[in-house]
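A short worksheet on the structure shown next.
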Amino acid sequence: MRTVFSDYEKLVFDEYLRKKEMNELAPRLTILSPAELRDECERICSERFEKRDEAVLRDFFGKASDQKTCLQAIRGFKVTKFKSLITYLNKKGLSKTSPKNVQLLAWLIDYPERPYDYSRNYVIKTDVNLVGRPAEKGGEEGTLELKKIKESGGKEVDPEDGLADSGSEVENSQNGSRLNFDDMPGQTDTGIESDGVKRKVENLSATIKEKEVKSKAPSKKVVFVGVLIFVLGGGAYSIKEIFIPPPPPSSGSCMYWNKDHYEQVPCSQKISDVLVLALDTSRLNNFRMLTHKDSVIRRGKGFVWYSKIDNDVQFYTADGRHPIFYSKRLKPATQYIIDKYAALIKLP
């Protein structure tokens, strides 16, 4: 089963790393603690329990004939049983893990092609793994194999060698010219006879390879400048992404934050001292500030996010950026935060 299942495993893990890189994962799936994983499983079971996932959930949690029994099983599940999945994720998929861990991961990240179908062939379409995981040696998919080129004499050469395995010509990669050993003195049809000439040829070949390597290797100064440009450019881009909200479109629908919720407005409408954003219907309909302690307590851990600015704690129904202080990201509220601050809610 392992060999048949491995392609599906690669696809699921690559999708996990892609979502992690794009910041599309729930916060708990990046924290990777046993308790946080169990809380995330409970949240997902509450929000998107699907019939197709019953077998996978039953295999992992012991029972899941319906949403209610699934939630009961998760709440009573020993968090230590998540450790093997956490080890697998921390080692970037290079350690072995059981198929039920992989299928649970597919459920956690909402991988569309789930559950695993034994009758299907899962094909990795990319030539190189997208996630930076080392390719498996000898594999046809997801690997970067050494390419070979054909010389006119039918001999294969390694492109990193710069020299043919046999034959009478060596190519100088710097100027594209070819050195014909047949024209050299002391050479017969059967090979090089003179030791002196032979040594010269070997020295010449070594010189060509040395120059080729030096020409490919950038100087320390060039490397330093390149790294500096990359760091400064990347840093400027990151700062822009984090601290500067995207400008609203010039036309169409936008939205702005009004006390405890977003309201839709035309993008052309000018509102002073208010951050106007492009319309996000999901956020418009579902993102709210929780203004009563009872609503925070009723939703509970795993369904509440919070911000703490100048010792003022505010609770929200979803994660993302703060609706007013755009540079701040909301954090998942722990039970400690809820118990300590829910009673201190200040109305907007």
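Each value in this text was obtained by applying a stated rule to the coordinates, not by laboratory testing. Keep in mind the model is a prediction, meaning the values are calculated, not measured. Neighbour counts run over all protein chains shown; Cβ positions are idealised from the backbone, glycine included.
Within a 10 angstrom radius of the beta carbon, how do 59, 310 rank from fewest other beta carbons to most?
Lowest to highest Cβ neighbour count: 310, 59.
For 88, 118, what's the fewest-to-most ordering of other Cβ within 10 Å of each Cβ? Write down the numbers at each step before the final one.
Numbers: 88 20, 118 9.
So the ranking, lowest neighbour count to highest, is 118, 88.
What residues qualify as long-range amide H neighbours of residue 316, i.e. H under 5 Å apart, gap of 5 or more or another chain, H built at 1.01 Å from N?
290, 305, 306
Quote the convex hull volume per residue of region 2-108, based on C-alpha atoms, as a whole number of Å³. Please report the intermediate quantities before stating the final value.
Numbers: hull volume 10.2 nm³, N = 107.
Spelled out: Cα convex hull of region 2-108, divided by residues, is 95 Å³.
Within a Cβ distance under 9 Å of residue 320, other residues only, what is the Lys/Arg minus Asp/Glu net charge? Don't skip to the end; give the middle numbers.
Numbers: positive: 283, 321, 329; negative: 319.
Computed value for this residue: +2.
Which pairs, out of 83/301; 63/293; 78/293, put more than 27 Å between their alpha-carbon atoms?
63/293; 78/293
Among 91/340; 68/328; 10/68; 19/91, which pairs are too far apart, with a Cα-Cα distance over 26 Å? Spell out each step's value before the answer.
Working: 91/340 36 Å; 68/328 36 Å; 10/68 32 Å; 19/91 17 Å.
Flagged as over cut-off: 91/340; 68/328; 10/68.
Based on alpha-carbon centroids, what's the gap between region 303-336 and region 1-73 in Å, whole number please?
Taking the Cα centre of region 1-73 as reference, the centre of region 303-336 is 25 Å away.
If you average 1/r across every pair of different Cα atoms in region 257-348 and take the reciprocal, what Kirkwood value do you get, in Å? Mind showing how you got there, number by number?
Values: mean 1/r = 0.0723 Å⁻¹.
Taking every pair of different Cα atoms in region 257-348, averaging 1/r and inverting gives 13.8 Å.
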